[in-house]
């Protein structure tokens, strides 16, 4: 059978755009001789619509889109993902479904059984799990349709407190008893750099175990925090990858399930994948929100340098402007490094020193403050003055502020709420400082874009004389390892200490993470590139006593 | 049987405190001759621990607490709520369970079947549903234990797109076949002013339908956004309320299930209940976070006036300070009204005019801004200058900033991010402006606390000359009705228009709600008093096209 794999970038709730893209691919597939074209999970609506699924007009629009799309399926079949209304009187109102369309109408509706409800996934919030399994004939072949998690009933877990079998049912076991010739999987599986091969491995294992070929079509593109990386593939029944589509961009390929081949993507370094994920994350945030221009504060430090490089790649240098806001504590080299970087990239910059405004606050507050010593308050006033200046330019010129906080800082609360934590989107909030350094060197691999001094100098917030991050934090090499064990691996303090880390440092670090939940609560959305990012996928109570 | 109903205020993760409270009640119950003492859902951990449930050390501490508590159960039985580890190899790691303790040990573990996963509830994220039902004998009676939602399988819904039967199972139907003498329900059911009688009605209906008495013990107190109102009760098999415990405070009562009585709470006005919910919300946020002192900006307007009255009630006047930050656009009466209110309440106030700082920003930005007209940018600079001043005092003196935004503003985005949207806790973010007026009059019912001018004058942000809210928003009476239909009732635009509202106003209002999701994403936690508050219970995609 000739099957078109349509790996597209959808926009949530944009039925006009999604329908147009889907119909375009159906027509192309037909022209190019495919028998069937497969789209990804919830392709009609975009994944994931969250509580828009609870709105009547949203579901009506989705059904209207399906009717329009089905009329195109003449002489070709298509499988489109969308919610379907549960016809039974009990259970959630909706199923997460795949619609098989042929002869101008919807012929089969198959629904998802395993509803991921953990980390960033909320599917049981909106959907009833399917409990009935069936296959159907098309062109003499028996097809089994599954949706994403349906093939993940036996998950490998990252720590011993997790578990392998999250669900009561094994859809593939049920379906395999019906002897399908092919399993099709509509997916919306986001990228995470530390689970790169997880997805492929689990599907290979499934193909081998049940000796059935699997065709897997993933969504691509970013939806606020989540970056879907594409990389759709086709496995034969031995679990050999026959076809693999592009990562981080739309792709389309017609494959012949009967012809053996080995058409894979070239290998990419992890740091480059993170880079690509962040670029598409910025680009789609702007594109889908209807924004064009970005703004950021350039300090001369490495975090803002990276964000600028990423923003220029995502939006073009003419759509990015930067503001330098030196204080009395900014070193000359910081300003020089920032100017150098802006010039290297050809980006417009302006300089507004903050001292006058900071002085104005300190004078106005002097009576209330009396003769109290200078402390974190005054450092925060500097950061917040910068925050006001950036937002003023954002408001006046319509440039969206990009946040430059990294994951290490975000974890330990090393940042000022309403100051440097401002922004419409956090670009690096899921990238540890040690990876920031790696990415900077990778960006400079051909020639020096980021001034080498920016990379080499000791990290500093420059909020008081000769301040260094290392004055108040463990070295980033150590800090990031402890954080990874605590956040990504979810290990207990005892387990982390047992891995050989210094007890006092572990406890101090964990305490910083726990006592800063309140700051992260008000942080911008963070582009997710790891298996556990701050934000929607990590839900911690604010009012709690942490041990 | 003599049963003690223990309606307590737990602190999430504070096993020491929760265990102490639980043991205290067990001892008292025994001393006072009770046969059994019943605590609320997840009482050992506090409801709701969110992703702390995924942490090994948290579950271990919970089991340790249960062991300690069970040793106290000699000569008396107790039912305590806590997570239990799922012994089966498939499904989520945990159950949401009730532990029946007697003779110094845990005798029965009964788990929750219906796991609410909608609005503010995320239970299927962490728990496997129970599918086995049993009753057990205690002192010659057959007891059936259920947990909260287990008795809610037939919910009334607020709109036609919702549904009555969310679940496949009906626990009470299963249990009633086992002929229990009493159904005990451990609950953690939060307050919402527009579902006041929902809970009671559904349990009365259940008692009557199955002709079984129901003993219902609810949690009380606030956990960040959620305010649990208590109001535990005992129904006989005819659904008559025999006992009803206090609302919004801890309570303890030993009842005799064999003696008919009618011991209810006095009726309270809705606006007073909202007031009580907000007071306990503030008090518990501070108490459980380990804070003592609050701060807010007092504008002379009605919103900040209410927050001040509430904060003084919650924390005491000596723990609250206010800052007046007049600008050139502030009217004299605003300052006078604010001073008058602070004096009426005996609260410390300071005045810092903002003009010097605003000027300093405008001078520093003048070159970048060129000769562009004044617009929303300059209004935001004022709001953000106030934000910096408040945060500076917060940082210097350790007072936590209370946010004063109301629900109507929050809905339509009438507020400045990093300005008046700042704060550790939003007190009024779930209270519509029309209810703000009602509450102000209720606060003044005996004598004028809030200056009458604050209540009577037209609402204004005072960010430009003679500005009124009504310049850019529909009248609050109208606006709030449209918002309620859209947010609480989740009606489609067409349905709202069909209820007789002006089409253009409806569409304009809904557009404002939808285009401000990005602002609310970064808002502080909001005390929830309605059936649909902004925040955790309303999850909307940012990157989406809204129709």
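Read-outs: derived from the displayed coordinates by stated rules, not from any lab. Keep in mind the model is a prediction, meaning the values are calculated, not measured. FYI the Cβ positions are ideal-geometry reconstructions off the backbone, even for glycines, and counts take in every protein chain you see.
Descriptive notes on the structure:
- Efficiency of FRET between residue A:438 and residue A:20 - r from beta-carbon atoms, R0 56 angstrom, step 0.05: 0.90
- Rg of the Cα atoms in the stretch A:396-461, relative to 2.2 N^0.38 Å, amounts to 1.24.
- Calculated on the alpha-carbon coordinates, the convex hull of the stretch B:432-492 measures out at 96 cubic angstrom per residue.
- Computed over the alpha-carbon atoms, the stretch A:229-373 gives an Rg to Rh ratio of 1.24, Rh here being the Kirkwood radius from the mean inverse distance.
- Relative to the longest principal axis of the Cα atoms of chain B, the long axis of helix B:270-289 lies at roughly 90 degrees.
- Taking 0.692 mPa s as the viscosity and 37 °C as the temperature, the Stokes-Einstein diffusion coefficient of the stretch B:19-133 based on its alpha-carbon Kirkwood radius rounds to 226 µm²/s.
- Ratio of Rg to Rh over the protein assembly as shown (Cα coordinates, Kirkwood Rh, two decimals): 0.96
- Whole-number D in µm² s⁻¹ for the stretch B:451-547, Kirkwood Cα-pair radius fed into Stokes-Einstein, 25 °C, 0.890 mPa s: 160 µm²/s
- Alpha-carbon Rg/Rh ratio, for the stretch A:105-221, with Rh computed the Kirkwood way: 0.95
- Computed E for residue B:256/residue B:208 - FRET, C-beta separation, R0 22 angstrom, nearest 0.05: 0.55
- Rounded to the nearest 0.05, the FRET efficiency derived from the C-beta distance between residue B:499 and residue A:198 at R0 = 56 Å is 0.65.
- Fraction of beta bridges assigned by DSSP in the stretch A:2-267 that are antiparallel (%, nearest 5): 65 percent
- Across the stretch B:281-470, C-alpha contacts under 8 Å between residues 6 or more apart give a mean separation that, scaled by the residue count, equals a relative contact order of 25 percent.
- Unit Cα scatterers, Debye sum, the stretch A:273-470: log10 I(q)/I(0) for q = 0.07, 0.13 Å⁻¹: -0.19, -0.67
- Remark: the stretch B:304-411 projects, on average over all directions, an area of 8.2 nm² (convex hull of Cα atoms).
- Virtual paramagnetic centre 7 Å along Cα→Cβ of residue A:174, amide N under 13 Å, in the stretch A:115-142: A:115, A:128-135
- Percent antiparallel among DSSP beta bridges (both partners in the protein assembly as shown, rounded to 5): 55 percent
- Radius, Kirkwood style, for chain B when every pair of distinct Cα atoms is counted (Å): 25.2 Å
- Percent of beta bridges antiparallel (DSSP, chain A, rounded to nearest 5): 55 percent
- 25 °C / 0.890 mPa s Stokes-Einstein diffusion coefficient of the stretch A:2-267, Kirkwood radius on C-alpha pairs, µm²/s: 134 µm²/s
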